[in-house]
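Data first, discussion second: the structure below is written as structure tokens.
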Amino acid sequence: MRALLLIADIGGYTRFMTVHRINLTHAQEVVAQLLEAVIDAARPFTLAKLEGDAAFFYLKLKDAPVPGELAFLSERVTAIRRAFLEARADLDINRVCTCDGCVQAGKLTLKFVAHQGEVALQKVKRHTELAGVDVIFVHRLLKNSVPIREYALMSEGVYEHLHEDLKKVAQPQPETLEGLGDVTVHYVDLAAMEVLVPPPTPSRLKAWLKWLTLTVRSLPYFLGLKKPCDGFRNLEEVLPALPAEAVRPKES
């Protein structure tokens with residue numbers, strides 16, 4: 001099956017975040033709420049998998065390439081980013097908790113990587129997963145040398161089918177992908193593309209309701225039933241060696 005593959009990746013937690021269970025648990029839930037906004041805005045893309053602090057999407061394409069078939073990608077990335085920014089602003093202004101995981105929510109960023117190619121659908125119990133070299137390729141794009149924090153990075157196959165207006169602002173970037181060799185990709189600086197986001201309305205009631213929701217959703221992590229920030233690639237880059245006591249309760 002030929003498909004357009006898109007990963008929306010959330011990052012931005014800094015080295016100043018104190019590592020303990022409250023911060024990590026609340027960071028987990030902050031990212032989860034942002035990912036929910038991203039997923040809702042991603043249609044007609046299908047969510048293939050949640051991958052820690054990222055969402056992996058795909059969209060089935062026609063068997064044969066059609067000129068300009070990916071012209072819609074700019075509009076869809078903009079819509080996803082707008083939803084992310086709105087959710088981030090709301091989390092930031094209607095906040096009661098003062099832990100690092102919540103305070104730094106307003107600094108979180110969103111980047112995208114995109115590739116189009118052939119994929120296979122594999123049924124694993126109740127889940128359908130994507131497989132193939134092109135799935136590996138798009139994930140390899142997450143480890144790159146792009147010199148900015150917020151960007152849309154795309155393979156040559158995606159770049160060729162973009163709208164001409166977007167092509168004009170895309171920058172070429174040579175990369176060496178592990179196991180795949182040297183490639184030329186292209187990126188767009190999202191920070192340079194203005195997205196109008198209406199300012200959220202402060203509400204004490206909404207803030208306390210959000211805190212209550214956050215507390216309830218955090219219980220499995222505080223009780224040791226789940227491990228907070230498990231699989232968060234970007235947090236691991238900031239905090240490469242998390243002490244065991246930071247992510248699980250002490251045994252009595």
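For the stretch 138-181, trypsin sites (Lys or Arg not before Pro) are listed when DSSP marks them as loop and at most 15 other Cβ atoms sit within 10 Å of their Cβ; the list is 143, 149. Mean separation of Cα pairs under 8 Å and 6 or more residues apart, divided by the residue count, gives the stretch 2-235 a relative contact order of 29 percent. Treating the chain as a set of equal point scatterers at the Cα positions, no solvent, please give the Debye-formula log₁₀ I(q)/I(0) at q = 0.10, 0.13, 0.14, 0.15 Å⁻¹. Reported log10 I(q)/I(0), two decimals: -0.53, -0.87, -1.00, -1.12. Translational diffusion of the stretch 128-186, estimated by Stokes-Einstein from the Kirkwood radius over alpha carbon pairs at 20 °C in a medium of 1.002 mPa s, is 172 µm² per second. Exposed loop sites, defined as GluC sites (Glu not before Pro) outside DSSP H, G, I, E and B with at most 11 other Cβ atoms within 10 Å, are absent from the longest region of the chain, namely 1-177.
Take each complete run of DSSP H in the chain, measure how far its Cα atoms stretch along the helix's own axis, and keep only those covering 24 Å or more with mean Kyte-Doolittle hydropathy at least -0.5; list them.
Numbers: long enough: 21-41 (30 Å, 0.51); 73-93 (30 Å, 0.05); 204-222 (26 Å, 0.22).
Qualifying helices: 21-41, 73-93, 204-222.
Could you tell me how many cubic angstrom of Cα convex hull volume the stretch 87-159 has per residue?
On the way: hull volume 11.6 nm³, N = 73.
Enclosed volume per residue, from the Cα hull, is 159 Å³.
By definition, a body whose alpha carbon gyration tensor gives a ≥ b ≥ c is oblate when a/c is 1.5 or more and a/b is not larger than b/c, and the stretch 186-229 fits this oblate description.
What's the exposure ranking of 119, 183, going from fewest to most Cβ atoms within 10 Å? Don't skip to the end; give the middle numbers.
Working: 119 22, 183 15.
Least to most surrounded, the residues fall as 183, 119.
Of interest is the spacing of the C-alpha centroids, which for the stretch 50-122 and the stretch 4-45 amounts to 10 Å.
Loop-only trypsin sites (Lys or Arg not before Pro) in the stretch 1-84, please: DSSP not H, G, I, E or B, and at most 13 other Cβ atoms within 10 Å.
Details: sites: 2, 15, 21, 49, 60, 62, 76, 81, 82; in loops: 15, 62.
Filter output for the stretch 1-84: 15, 62.
Note on the stretch 2-235: Lys pairs 8 or more places apart or on different chains, Cα atoms under 16 Å apart, count 4. An oblate overall shape is assigned to the stretch 142-242, the ratio a/c of its alpha-carbon gyration tensor axes (a ≥ b ≥ c) being 1.5 or greater and a/b not exceeding b/c.
Lacking any other cysteine beta-carbon closer than 4.7 Å, the following Cys residues of the chain have no compatible partner: 99, 229.
Extension gain for residue 203-residue 225 works out to 4.7 nm (0.36 nm per residue, less the C-alpha to C-alpha distance).
Bear in mind that the values in this text are calculations on the coordinates, not laboratory data. Values in this document were obtained by computation on a predicted structure and should not be read as measured data. FYI the Cβ positions are ideal-geometry reconstructions off the backbone, even for glycines, and counts take in every protein chain you see.
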